[in-house]
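J.: To start, I am sharing the structure in question, which I have written as structure tokens.
Rule-based calculations on the coordinates, nothing more; no lab input. Everything numeric in this text was worked out from a predicted model, so none of it was measured. With ideal geometry, Cβ positions are generated from the backbone for all residues, glycine too; neighbour counts draw on all protein chains shown.
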Amino acid sequence: MTPPAAPGSSATAVQATPPLIPNGAPVIDVEGVVTRFGTQTIHDGVSFQVQRGTLVALIGGSGTGKSVLLREMIGLHPPTAGRVRLLGTDMWAASPQAIDAVRRRFGMTFQDGALFSSLTVAQNVAVPLREHTRLAAQTIDELVALRLVQAGLSAEAGAKMPSELSGGMRKRAAIARAIALEPEVLFLDEPTSGLDPITARAFDRLVRSLVDDLGITVFLVTHDLDTLLAVVDRVIVLARGRVLADGPIDEVMNVDDPWIREYFSVRRMAGGDELDGS
């Protein structure tokens, strides 16, 4: 389900390119990725797939290359070996034109939001619409207002500068910009980092609504245990250069591995049976 077009807008003008992959095929396909920096091997044969309309989290200890893998998936850093297919496109073998086309079909938010400090929130959200469409200025304004609402922001927030926003509002503004072109896939890097617990849980609900209400596939990197427990469909654990575990949270937390046991031990001590669903 795609977000409704703003009144008077041309939906086809902002609609993502029709899917290049058949129904049921993964929208993300990471196959045998190897990443080396000099003599240091970060990834040593990482493989997984992500299906359409799911919310998947990637976790792992510091230095396991989570953010590096994310950059490889969206075409910002080439792996040493292996293959990444995003929406049916091989991100490191396709033509520049094909890569440009697929980049219009996914959104990305970075840890700090990466908003343009010299632009208002509304102007930030409008950037991809102005760069990648030929929509009239009024239509862009209407779409920007819609994206702000979908991200949980008021119309008044659109007139503010990024420096005037709280951390949670900046992250919502970044989401609004990331969904401006109605992406099929959304990548989030530590989306709740730096937020207080109440704001973080509200942000979790927003991300879950993007999956449930708009049909967006969300792939996020996180350390937030509450996010994993509350909204994620599946968890991928990256450790020792490979995928250590992959599945629903209740299955992953019971994998017999020292790092996984330690990762979940804090919540077990604090919440007891909460992780067991009892």
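J.: What's the whole-number percent of alpha carbon pairs in the range 96-150 lying beyond 14 angstrom?
T.: On the way: 934 of 1485 pairs.
So the pairs more than 14 Å apart make up 63 percent of the total in the range 96-150.
J.: Would you work out which of I140, S193, A178 lies farthest towards the positive end of the dipole of the chain, given +1 charges on the beta-carbon of Lys and Arg and -1 on that of Asp and Glu, about the Cα centre?
T.: I140
J.: Once you have the Cα-Cα distance between E251 and D226, take 0.36 nm times their residue separation minus that, and quote the gain in nm to one decimal.
T.: Here the answer is 7.4 nm.
J.: While we're on this one: Quick one: grab the alpha carbon gyration tensor of the range 138-278, order the square roots of its eigenvalues as a ≥ b ≥ c, and give me rounded if a/c is under 1.5, else prolate or oblate depending on whether a/b is larger than b/c.
T.: It is prolate, given that a/c is not under 1.5 and a/b is the larger ratio.
J.: Which listed residue (F219, W92, G167) has the Cα farthest towards the positive end of the charge dipole for the chain, taking +1 on Lys and Arg C-beta and -1 on Asp and Glu C-beta about the Cα centre?
T.: My answer, from the dipole projection, is W92.
J.: In whole Hz and in residue order, list the ³J(HN,Hα) couplings for the range 79-90 that follow from phi through the Karplus curve 6.51 cos²θ - 1.76 cosθ + 1.60, θ = phi - 60°; x for Gly and Pro.
T.: Couplings: x, 5, 7, x, 9, 10, 10, 10, 6, x, 9, 6 Hz.
J.: Hey, how much of the P(r) for the range 59-106 falls beyond 17 Å, as a percent of Cα pairs? Walk me through the intermediate numbers first.
T.: Working: 383 of 1128 pairs.
I get 34 percent for the Cα pairs in the range 59-106 exceeding 17 Å.
J.: Next up: Using only alpha carbon pairs under 8 Å that are at least six residues apart, calculate the relative contact order of the range 75-180 and give it in whole percent.
T.: Working: 107 pairs, mean separation 33.4, N = 106.
Reported as a whole number, the value is 31 percent.
J.: Between S118 and H77, take the C-beta separation as r, use R0 = 22 Å, and let me know the FRET efficiency to the nearest 0.05.
T.: Calculated value: 0.20.
J.: Then there is this: Could you point to the residue in G63, W259, M108 farthest towards the positive end of the chain's charge dipole, with +1 and -1 charges on the Cβ of Lys/Arg and Asp/Glu respectively?
T.: It is M108.
J.: Averaged over all directions, how much area does the convex hull of the C-alpha atoms of the chain cover when projected, in nm²?
T.: Details: hull surface 62.0 nm².
Projected over every direction and averaged, the Cα hull of the chain covers 15.5 nm².
J.: Here is a follow-up. How large is ³J(HN,Hα), in whole Hz, for each residue of the range 229-234 in order, when computed from phi with the Karplus curve 6.51 cos²θ - 1.76 cosθ + 1.60 and θ = phi - 60°, using x for Gly and Pro?
T.: 6, 8, 10, 7, 7, 7
J.: Using amide H atoms built 1.01 Å from N in the peptide plane, name the residues 5+ places from L58, or on other chains, whose amide H lies under 5 Å from its own.
T.: L220, V221, T222, I236
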